[in-house]
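What follows is a set of notes on a single structure, which appears directly below.
The values are calculated or read from the model by the stated rules, or taken from the named source; none is laboratory data. Computed from a predicted model, the values in this text were never measured in an experiment. Cβ sites come from the backbone with ideal geometry, for glycine too, and all protein chains shown count toward neighbours.
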Amino acid sequence: MAYAYLFKYIVIGDSGVGKSCLLLQFTDKRFLSSHNLTVGVEFGSRMITINDKKIKLQIWDTAGQESFRSIARSYYRGAAGALLVYDITKRDTFNHLHTWLEDARKNSSSHIVIVLVGNKSDLEDQRVVQREEGEAFAREHGMVFLETSARTATNVEEVGAHLFPVPVSFEQTHKHIWAYSCTVDLAPAAWTQDIREE
């Protein structure tokens, strides 16, 4: 299917935080209760329409294990945005956010948009990382913050609304240049057509 724009995104964070499940929920609107650990990278795509423009989203789910960290770093190149994910029931995954964020900013464009995601919000009775901690970390590092549940799909679409850019075109020095502006107030309802590729 033809599209006007192609944007690449990556999902990063420790192993077991639910990155693959978030990707599956966003691209296929389904949840698998058991999912094998990602080896290397996994790939998903989705077609959306914003402002009458068809946009293809390429989303790369990177392995969280340390042994695959060098492979994951190569996927930052050319990424428009990243989801930095931790598990609200596992303190270590939150403590490691600094390392993931440092990697992302070192290996990607200075214009990359990073959204902090506290996943597994459906497990409130097992929570060890308070929402206020996630909000404070995001505020300190200039990121948008949301808590999600891949199981119930809570806030999964909202994460996309904060992350995915609205394409605009403009002329500068007699050249046609494609640019994008990332908005934090774009509602999922603005995605007037949702076509997932088989």
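Filtering the range 1-22 to residues that are assigned to a strand (DSSP E or B) and out of contact with any Pro (no Cβ under 8 Å at 6 or more places or on another chain) leaves LEU6, LYS8, TYR9, ILE10, VAL11, ILE12, GLY13. The lone criterion from (1) among the polar types (S, T, N, Q); (2) exposed (fewer than 15 other Cβ atoms within 10 Å of the Cβ); (3) modelled with pLDDT of 85 or more; (4) at positive phi left unmet by ASN155 is number (2). Restricting to the range 75-110, give me the number of residues that are within 18 Å of ALA150 (Cβ to Cβ) and among the aliphatic types (A, V, I, L, M). Qualifying residue count, the range 75-110: 5. The set of residues in the range 17-49 being closer than 25 Å to TYR3 by Cα and modelled with pLDDT under 70 consists of VAL41 alone.
Among helices (runs of 4 or more DSSP H) entirely within the range 62-122, having at least 1 residues that are modelled with pLDDT of 95 or more and crowded, with 18+ Cβ neighbours inside 10 Å singles out 91-95, 97-107. For the range 131-150, enumerate the residues that are closer than 20 Å to PHE26 by Cα and hydrophobic (A, V, I, L, M, F, W, C). Within the range 131-150, VAL144, PHE145, LEU146, ALA150 qualify. Taken over the range 131-156, the criterion of being touching a residue at least 40 places away in the same chain (Cβ under 8 Å) and part of a strand (DSSP E or B) is satisfied by VAL144, GLU147.
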